[in-house]
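Accompanying notes for the structure given below.
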Amino acid sequence: MANAKIIALAGSLRKNSFNHAVIEHAAELAKQQGAEVEVLSLSELDLPMFSEDIEAQGTPANVQVLKDKLRSADALLLASPEYNGSITAALKNAIDWASRTEAGATPAFQNKIVALFAASPGGLGGLRGLNHVRDILSGIGAIVLGNQLAVPAVHTLLDDSGKIADAATSDKIAGLTSQLVEVTTKLNS
Ligand SMILES: Cc1cc2nc3c(=O)[nH]c(=O)nc-3n(C[C@H](O)[C@H](O)[C@H](O)COP(=O)(O)O)c2cc1C
C-alpha cells in the first residue's frame, strides 16, 4: 500500500499566518501517520495575479511548480483564512492558475482528496469562507471531505513560537488529518 502523498497549503501571504500554523501542525501529524507531506508557502511561490495575457506568454515558472506538485500529490491539507466571509484573493489566485490545464494534461485538482481548515481570531474561525472554498474545489474535480475544521480565537491557542499549543485544538486537527490520511491510503490501495 503506497503512502499518501500530501501537499499542505495555507491561503495566506502573511508571515506569521495562523492558517499556516494550522497547516504545519496538520502536516506534522500526517507525517507521524506515515504520509509523505510537503508544506508549500504561497508567499514563497509569489504567484503573479492571474491574467490570460500573462498566461499567453507562457506559464510562469512558479505556477508550473505549483501545478506539478499538485498533480503528483494524492491529497491536500488546505487552510483558508476568511476575508469578508469568503476565500482570500491569494488562494483564489493560486486555484485559478492551477486550474488551467494544458492540452492532454490532467487537471491539477482532479481527484485530489481535500481536508479543509480555517483559523481566525474571530468567533466563527473562518467557517463561512470554507463553504466558498468547498464549492470552488468541488467544481474543478476535487473530492472535499465532508468534515472540516474552523478554529476560532486562534491567536489564544499558540505558543511563543507561533505554533499550535492548545491540546483540544491539536486533537481536532489530528482528527481531520487522520481522516484525510486514512481515506487517501484506502483509495491508493
Ligand atoms: C480584508 C480582511 C478581511 C477579513 N475578514 C474576516 C472575516 O470575514 N472573518 C474573519 O473571521 N476574519 C476576517 N479577517 C481577519 C482574519 O481572520 C485575520 O487577519 C487572520 O489572521 C487571517 O489569517 P492568517 O493569519 O492565516 O493570515 C479579515 C482580515 C482581512 C485583512
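Normalized C-alpha radius of gyration of region 69-123, against 2.2 N^0.38 Å?
On the way: Rg = 13.1 Å, N = 55, 2.2 N^0.38 = 10.1 Å.
For region 69-123, the normalised Cα radius of gyration is 1.30.
Under 20 Å from a label point set 7 Å out along the Cα-to-Cβ vector of Gln64, the amide N atoms of region 101-121 belong to 101-109. With both residues required to sit in the chain, DSSP beta bridges show an antiparallel share near 10%. Phi angles of region 9-16 translate, via the Karplus equation with coefficients 6.51, -1.76, 1.60 and θ = phi - 60°, into HN-Hα couplings of 8, 10, x, 10, 9, 6, 4, 9 Hz per residue; Gly and Pro are given as x. What is the distance in Å between the Cα centres of region 1-44 and region 81-112? Taking the Cα centre of each part, region 1-44 and region 81-112 sit 17 Å apart. In sequence order, region 176-184 has phi-based couplings of 5, 5, 4, 5, 4, 5, 5, 5, 5 Hz under the Karplus curve 6.51 cos²θ - 1.76 cosθ + 1.60, θ = phi - 60°, and Gly or Pro positions carry x. Return one number: the angle in degrees, 0 to 90 and rounded to the nearest 10, between the long axis of the Cα atoms of helix 18-32 and the longest principal axis of the Cα atoms of the chain. Helix 18-32 sits roughly 90 degrees off the main axis of the chain. Against the chain, whose longest principal axis comes from its Cα atoms, helix 61-72 is set at around 70 degrees.
The residues of the chain expose, per residue, 48 Å² of accessible area to a 1.4 Å probe.
Classify region 5-84 from the C-alpha gyration tensor, please: rounded if a/c falls under 1.5, else prolate or oblate depending on whether a/b exceeds b/c. Intermediate values should be presented prior to the final figure.
Details: a/c = 2.77, a/b = 1.45, b/c = 1.91.
Since a/c reaches 1.5 but b/c is at least a/b, the shape of region 5-84 is classed as oblate.
If the Kirkwood radius is taken over C-alpha pairs of the chain, then at 10 °C and 1.306 mPa s the Stokes-Einstein diffusion coefficient equals 96 µm²/s.
Karplus-based coupling profile of region 131-139, in residue order and whole Hz: 4, 6, 4, 4, 4, 5, 5, 5, x, with θ = phi - 60° in 6.51 cos²θ - 1.76 cosθ + 1.60 and x standing for Gly or Pro.
State which entries of Lys69/Lys172; Lys67/Lys92; Lys69/Lys112 exceed 18 angstrom in Cα-Cα distance in the structure shown. Before the final figure, lay out each step's value.
Numbers: Lys69/Lys172 27 Å; Lys67/Lys92 14 Å; Lys69/Lys112 12 Å.
The answer is Lys69/Lys172.
Charging the Cβ of each Asp and Glu at -1 and of each Lys and Arg at +1, and nothing else, the dipole of the chain about its Cα centre rounds to 300 debye.
The values are calculated or read from the model by the stated rules, or taken from the named source; none is laboratory data. Predicted, not measured: the structure shown is a model, and the values here were computed from it. All Cβ positions, even for glycine, are placed from backbone atoms using ideal geometry, and neighbour counts span all protein chains on display. What goes into the accessible areas is simple: the full protein's heavy atoms, side chains included, and nothing from ligands, DNA or RNA. Shrake-Rupley method; radii C 1.70, N 1.55, O 1.52, S 1.80 Å.
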